[in-house]
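**Student:** Please find one structure pasted underneath; my questions will follow.
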Amino acid sequence: MDDSIDGKTLAKPHTKTTRAEPAEDMLSWVISGKLARGSRPGYAGEHGQLVSQATVDAWIEETRAFGIRSIICLLGDDQLHLYQQLPVDLISYYIGAGFEVGHISTRDHQQPPLSPNDLEKIWMAYRRLAKPVLVHCSAGIDRTGSAVEYIRQQ
């Protein structure tokens, strides 16, 4: 998964996953100090399990500890419902935790992963948000990969 420029690994989100490729669970720099990529809080594969507030809080703490100031969330409504244990929706929770947030609702398992319209919205969000920015979808692979590659090419 590491197609970052400097390959510096940030951290592993707190998950209960036992996948054979732990590198997929890590946040990493794409553009050092400006753009990072990773998976959503509590990602544990395609199981669609509800995510606890404690898991989201741990993810937020780690993300903040690495200096991330903003988040571009690419989760669609079909995935945001996994955060119903939070007192508010996930996007509001990020804002309440002090992050600037851009939310571009996208569906998983699409080909291509993001439409040209989605990519332009992501670019506009990235330009306006405080750096460094973390981009995440669910696993942090397809949609996130397309988004960060688009940002790098601009």
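**Student:** May I ask you to list the residues in segment 133-147 that are in contact with a strand residue (DSSP E or B) (Cβ under 7 Å, 6 or more places away or on another chain) and within 20 Å of Trp59 (Cα to Cα)?
**Tutor:** First, pick out the residues of segment 133-147 that are in contact with a strand residue (DSSP E or B) (Cβ under 7 Å, 6 or more places away or on another chain): 133-136, 140, 144, 147.
Result: Val133, Leu134, Val135, His136, Gly140, Thr144.
**Student:** Related question: Mind listing just one residue for me: the one in segment 119-154 that is touching a residue at least 60 places away in the same chain (Cβ under 8 Å) and β-branched (Val, Ile, Thr) and, of those, farthest from Leu75 (Cα to Cα)?
**Tutor:** That would be Ile151.
**Student:** Scan (1) buried (at least 16 other Cβ atoms within 10 Å of the Cβ); (2) on the phi > 0 side of the Ramachandran plot for the single condition Tyr93 breaks and write down its number.
**Tutor:** Unmet condition: (2).
**Student:** Can I ask one more? Can you work out which of the residues in segment 101-154 that are surrounded by fewer than 19 Cβ atoms within 10 Å (Cβ to Cβ) and among the hydroxyl-bearing types (Ser, Thr, Tyr) is nearest to Arg40 (Cα to Cα)?
**Tutor:** Taking the candidates together, the pick is Ser105.
**Student:** Of all the residues that make up segment 69-89, how many are in contact with a strand residue (DSSP E or B) (Cβ under 9 Å, 6 or more places away or on another chain) and touching a residue at least 40 places away in the same chain (Cβ under 8 Å)? Quick ask: steps written out before the conclusion?
**Tutor:** To start, the set of residues in segment 69-89 that are in contact with a strand residue (DSSP E or B) (Cβ under 9 Å, 6 or more places away or on another chain) comprises 69-75, 80.
Checking which are touching a residue at least 40 places away in the same chain (Cβ under 8 Å) leaves us with 69-75.
Residues in segment 69-89 being in contact with a strand residue (DSSP E or B) (Cβ under 9 Å, 6 or more places away or on another chain) and touching a residue at least 40 places away in the same chain (Cβ under 8 Å): 7 in total.
**Student:** Give the residues of segment 68-85 that are more than 15 Å from Asp108 (Cβ to Cβ), in contact with a helix residue (DSSP H, G or I) (Cβ under 8 Å, 6 or more places away or on another chain) and surrounded by fewer than 18 Cβ atoms within 10 Å (Cβ to Cβ), sorted by residue number.
**Tutor:** To start, the set of residues in segment 68-85 that are more than 15 Å from Asp108 (Cβ to Cβ) comprises 68-72, 83-85.
When the remaining residues are screened for being in contact with a helix residue (DSSP H, G or I) (Cβ under 8 Å, 6 or more places away or on another chain), the result is 71-72, 83, 85.
The one that is more than 15 Å from Asp108 (Cβ to Cβ), in contact with a helix residue (DSSP H, G or I) (Cβ under 8 Å, 6 or more places away or on another chain) and surrounded by fewer than 18 Cβ atoms within 10 Å (Cβ to Cβ): Gln85.
**Student:** Tally up the residues in segment 1-56 that are modelled with pLDDT under 90 and aliphatic (A, V, I, L, M), please.
**Tutor:** Quick first cut of segment 1-56, residues modelled with pLDDT under 90 only: 1-26, 44-48.
Next, only the ones that are aliphatic (A, V, I, L, M) stay: 1, 5, 10-11, 20, 23, 26, 44.
Count: 8.
**Student:** List the number of the failed condition for Val88; all other conditions in (1) touching a Lys or Arg at 6+ places or on another chain (Cβ under 7 Å); (2) surrounded by fewer than 14 Cβ atoms within 10 Å (Cβ to Cβ); (3) among the β-branched types (Val, Ile, Thr) hold.
**Tutor:** Val88 satisfies all of (1) touching a Lys or Arg at 6+ places or on another chain (Cβ under 7 Å); (2) surrounded by fewer than 14 Cβ atoms within 10 Å (Cβ to Cβ); (3) among the β-branched types (Val, Ile, Thr) except (1).
The values are calculated or read from the model by the stated rules, or taken from the named source; none is laboratory data. Values in this document were obtained by computation on a predicted structure and should not be read as measured data. Note that we place each Cβ from the backbone using ideal geometry, even for glycine, and neighbour counts take in every protein chain shown.
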